[in-house]
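These notes are about the structure you will find just below.
The values are calculated or read from the model by the stated rules, or taken from the named source; none is laboratory data. Predicted model, so just to flag it, every value in this text is computed and none were measured. Using ideal geometry, Cβ is built from the backbone for each residue, glycine included, and neighbour counts are taken over all protein chains shown. For accessibility, only protein heavy atoms count, side chains too; no ligands or nucleic acids. Shrake-Rupley method; radii C 1.70, N 1.55, O 1.52, S 1.80 Å.
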Amino acid sequence: MLFIPIVSLAIIGFLLGLGLAIIHRFFEVTPDPKENQIVKILPGINCGACGFAGCATYAHALVFEEAEITRCSPGGQSVVNKISSILGGTPEKMEKRVARVFCQGGKDKCAEKYLYRGIISCQAVNLLAGGNKECAYGCLGMGSCARACPFGAIIMREDHLPEVLEEKCSACGQCVLACPRNLLELIPLSKPMVIACRSQDKGGVTKKICQVGCIACRRCEKVCPTVAISVNNNLAKINYQVCSNQKKCLPVCPQKTIRYYY
């Protein structure tokens, strides 16, 4: 009695396997050699800076979907040139970017609400009563961004603020994703001006809790010759597309919130 169902299952399994083999034979997609060549020249860290799930996915999109060849920030201009050579055409120029920190309120500049003792994670402390800093927008100083960087391009200073090492930064964007307060941003290397504050509190409130926070006085906005700075919701921002690095804003900032990297 057991022999019949066993044989039946064996026959069904054989037929299903044979069917799959036939389908694979006739519907097999032969990979484009260019795709494999591109995969080999990409960094292989699968950081997602290109907007795709990983290097292999990006390579497929380059060959079959005409994705932009300048999306691989870690690879830089060298990878762009190699991709252009494989796909044909003139290499596009890729502007180097670097991660910048939009906060200077370290432990010696910004007051703390309580002494945190727990998991060393910015995400964790951010969930506990809105963070340990008096400023609800300031850096939490637990180093999640530094641990997320696959290139070791971020170190934590003694004042519990992250510092980006430009020579190591590949603009992969992992630190940007790791910060729960959006205090890191990828900026063109040719634009060294940063208004290092993301607070949206009124000026009087910010001044009481942080020595270097933006108080939205608009002095930088008024002196900018290219109208690159605008203040909205008590927050000053730079439009890097029109910023000409003239540094007129630096001396007029009463809080020394604006940082110039060169």
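So here's what we get for this one:
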| quantity | calculated |
| --- | --- |
| Condition check for ILE23: more than 21 Å from GLY88 (Cβ to Cβ) and either modelled with pLDDT of 85 or more or surrounded by 10 or more Cβ atoms within 10 Å (Cβ to Cβ) (or both) | yes |
| Of all residues in segment 26-52 being of a type in the set (Asp, Glu) and within 35 Å of the chain's Cα centre (by Cα), the one that is modelled with the highest pLDDT | GLU35 |
| Residues that are open to solvent by less than 30 Å² (accessible area, probe 1.4 Å) and part of a loop (DSSP other than H, G, I, E, B), drawn from segment 30-46 | LEU42 |
| Single residue of segment 168-202 satisfying the filter (touching a Phe, Trp or Tyr at 6+ places or on another chain (Cβ under 7 Å) and either aromatic (Phe, Trp, Tyr) or surrounded by fewer than 17 Cβ atoms within 10 Å (Cβ to Cβ) (or both)) that is modelled with the highest pLDDT | GLN200 |
| Matching residues in segment 136-175 - criterion: being among the aliphatic types (A, V, I, L, M) and under 20 Å from CYS197 (Cα atoms) | ALA136, LEU140, MET142, ALA146, ILE154, ILE155, MET156, LEU161, VAL164, LEU165 |
| So CYS249, is it crowded, with 19+ Cβ neighbours inside 10 Å and in a helix (DSSP H, G or I) | no |
| Residue that is most open to solvent (accessible area, probe 1.4 Å) [pool: residues in segment 54-87 that are part of a helix (DSSP H, G or I) and without any contact (Cβ under 8 Å) to a residue 12 or more places away in the chain] | SER85 |
| Contacts under 9 angstrom Cβ, first residue in segment 93-114 being closer than 30 Å to CYS72 by Cβ, partner open to solvent by 40 Å² or more (accessible area, probe 1.4 Å) and of a type in the set (Gly, Ala, Ser), 6 or more apart | GLU95/SER190; LYS96/SER190 |
| Only one of VAL242, VAL205 that is in a helix (DSSP H, G or I), open to solvent by 40 Å² or more (accessible area, probe 1.4 Å) and either under 17 Å from ILE187 (Cα atoms) or of a type in the set (Val, Ile, Thr) (or both) | VAL205 |
| Verdict on GLY118 being of a type in the set (Gly, Ala, Ser), touching a residue at least 24 places away in the same chain (Cβ under 8 Å) and either within 18 Å of CYS210 (Cβ to Cβ) or loosely packed, with under 15 Cβ neighbours inside 10 Å (or both) | no |
